[in-house]
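Contents: one structure, followed by commentary.
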Amino acid sequence: MSALVLLTSGCETSKPVDKSAPTSESPKTISLTEAKLSKLIARAERARDRKLQTPPTFRAVQSLADAPASQTKQPADRGLLAERLFGVADMGEGAPAPYASIARYERAENRVDYTPNKQQGEDLEVALLAAIVAAIDAQNFEPQASATTWDAALTQAVAREATVLLALGVDRLAKDYPDATIDLLASRPELATDLPHLGDWIAFHQAQNTGAAANVIGSREQSFVTREAWRLATALYRSSGWSGVELVGAMPPTRSADVVRPDQWMRGAPVGKWTWPEESRESLGTVGPAIIAIWLEDVVDARLTQSLYAGYLSDAYRYDAASKTFEWLTLWDSPSSASQVAAAFEQRLRERFKPGDGAAEASGRFSVFAEGLTVGVIIESGDDSDETRSARRARAEHLLKAHTVELMPRAPLPTKFVPTRRDEFVARAAESTLEERVWKASDVNLRLDLNPLGDDWRVQRPDAGTLRWFASHQDGALLQLTVELDNPLGPAFGSEHYQKKTAEALRNSFQDASVEVLAKKNQDTTGAFGDSGLMLRLRGRLNQQKRVLQLWQFRRGDMLISYSLQSPPESFDARLAEANAIVSASRRLRDEDEVTNEEPSAADGQIDYKIED
């Protein structure tokens, strides 16, 4: 990490403000005083954990001019891939960062331009903080060369936004949750959804079909950049603090596969080297997992396209301009992944070439083919026919047999990947067992014997998720246990505010519901669960049927155990006695009282990313 030490040691002393920067074209009324700007600079430096070398000047303008051409120039393959894959002829410029329309740092002039006449209050404050953090980065790291591919451009954008978003998260945490730390936020990056501005920027929004709308693709690009920048920043911070985050400036990633899988980037996962069947002067390139995910949003929920990252290994394409033939080969980690990807590609291309009004078949010529770990695509122009389909099949067989791909090793980063708390939670949850109606879970240190439920109950364990087991009775009663991570940024567990929020959530799930908070004395014993933090009983209608629901909640380290019974009113007392018996007879697997958050057992610290729906 010696390179980072040198970078850090060179930025401790601030220099005078650059008075030569122009300050004209400002609105007559400027809402920000020098004292206010000085405070914003101090906040940005504190959040970013670095100081400015030379404080920028600030200029209020009516509107932000277009960024210099050098900053907005699009890679040549962006237009090609947009036309071949998306069916969009003119992509235009990508969407700006969420705050870039309010404030922007101009590196050449060391100046922040902002628009006080359009945005006031907190929006302007956040945008100015982001611009100041961008200035800190620009003054301490060399600019990256212009990206030559669409995949590289998205990668650079993610790297650029990573430090900015993490600094904004630190600042917001200090403002709204002064008792929380950035270490908590890095370990639990999903908690950012509770933070103003940042939560909305990284959220998954309602899917929009691209059709021929380049602005929708641009919006997807920016959503991808913001989400992945936050994930990358928190991953690097977990590994080595701010020194780790600054690797995006000192040793920047070059492909989107690195930023969407920082664990693989850190350990130096190999990169594919492709050889095509024959020599050609055609355009060669890589699509990359970022564009694949953006492309598939038309047919797959954006949250699920994230699972592509876990299986993606490499890809390569080539394009013959004379015949307008696009050939694309992709490599995945398992035949199962390849099969699922091939189905998604097929569905997306049918959407891309769906027939126009009155047409019986899709307009366009394409084929999707797969074998083993490889999925390929051929897209041609013109009307299709039996002859062209036969030719594509022959070409697909040739490509599958004659291409080669070699996974080339590369050096790892000087830091080690540390999984998130949720990664560790999911991995530990998968270790729980349900055998002969005895459930054991080491992560919450519990053993439950469900045999007393009898033959009228059917006990099952889901494959994954927060639901650990459930039992259904012949009379329609349902008994279940869930374990989830708590929300340290929410109301304190067991508090009056917490009880009200929980009761309201239950009430909204039923019709004509009434909720009663039960006293702890109503429970004879909670066995190995410990003291109940909350017991609620709800009466109402679910799917037009009368139901009674009782909920027990217990705290276990940073986990929340919810044990619930839902029953028809006439049999509720009998089912409640059975549910209480299970709790009373619960046992601990270990003698220690506290549950520790152990690290994953894998020697290399790697945990597969999983998408929980």
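The values are calculated or read from the model by the stated rules, or taken from the named source; none is laboratory data. Quick caveat: nothing in here was measured; it's all calculated off a predicted structure. Reconstructed Cβ throughout: ideal geometry from the backbone, glycine too, with neighbour counts over all protein chains shown. Accessible surface is based on the protein model in full, side chains and every heavy atom, while ligands, DNA and RNA are left aside. Shrake-Rupley method; radii C 1.70, N 1.55, O 1.52, S 1.80 Å.
A few comments on the model shown:
- In this structure the stretch 446-579 gives 49 Å² per residue of accessible area when probed at 1.4 Å with all protein chains present.
- Among the listed pairs Lys440/Lys501; Lys324/Lys401; Lys175/Lys500; Lys39/Lys501; Lys416/Lys500; Lys39/Lys500, those beyond 32 Å (Cα-Cα): Lys39/Lys501; Lys416/Lys500; Lys39/Lys500
- Surface composition of the stretch 271-412: carbon plus sulfur atoms hold 48% of the accessible area, using a 1.4 angstrom probe and ignoring ligands, DNA and RNA.
- When each of the peptides 484-490, 385-391, 285-291, 454-460 is scored by the mean number of other C-beta atoms lying within 10 Å of its residues, the order from highest to lowest reads 285-291, 484-490, 454-460, 385-391.
- By DSSP, the beta bridges lying fully in the stretch 30-254 are antiparallel in about 50 percent of cases.
- Local electrostatic count at Pro491 - Lys and Arg +1, Asp and Glu -1, tallied over other residues with Cβ under 10 Å: +1
- Both radii were evaluated on the Cα set of the stretch 271-412; the Rg over Rh quotient, with Rh as the Kirkwood radius, amounts to 0.97.
- Stretched out straight at 0.36 nm per residue, the stretch from Lys501 to Glu282 would grow longer than its current Cα-Cα span by 72.8 nm.
- For Ile202, the shell of other residues with beta-carbons less than 10 Å away shows a net charge of -1, using +1 for Lys and Arg and -1 for Asp and Glu.
- Cβ-Cβ FRET estimate between Arg303 and Arg437, R0 fixed at 45 Å, reported to 0.05: 0.85
- Around the amide H of Val112, modelled in the peptide plane, lie the amide H atoms of Thr57, Phe58, Arg59, Glu106, all under 5 Å away and 5 or more residues distant in sequence or on another chain.
- Those aspartates and glutamates that a straight Cα-Cα span of less than 12 Å connects to Lys36, excepting residues fewer than 8 apart in one chain: Glu125
- Burial ranking of peptide ranges 408-415, 181-188 (average Cβ count within 10 Å, highest at the top): 181-188, 408-415
- Simple label model, 7 Å out from Cα along Cβ direction - Thr33 to Asp194, nm: 3.5
- Rolling a 1.4 Å probe over the protein heavy atoms gives the stretch 271-412 an accessible area of 49 Å² per residue.
- Contour excess over end-to-end distance, with Cα ends at Gln474 and Thr54 and 0.36 nm allotted per residue: 143.9 nm
- Sulfur and carbon atoms: percent of accessible area, the stretch 30-254 [1.4 Å]: 50
- Using the Cβ-Cβ distance between Tyr177 and Phe204 with R0 = 30 Å, the FRET efficiency computed as 1/(1 + (r/R0)^6) comes to roughly 0.80.
- Percent carbon-and-sulfur accessible area, the stretch 421-591, ignoring ligands, DNA and RNA, probe 1.4 Å: 44
- Cross-link partners of Lys546 among aspartates and glutamates, defined as those whose alpha carbon lies under 12 angstrom from its own and excluding same-chain residues fewer than eight positions apart: Asp512, Glu570.
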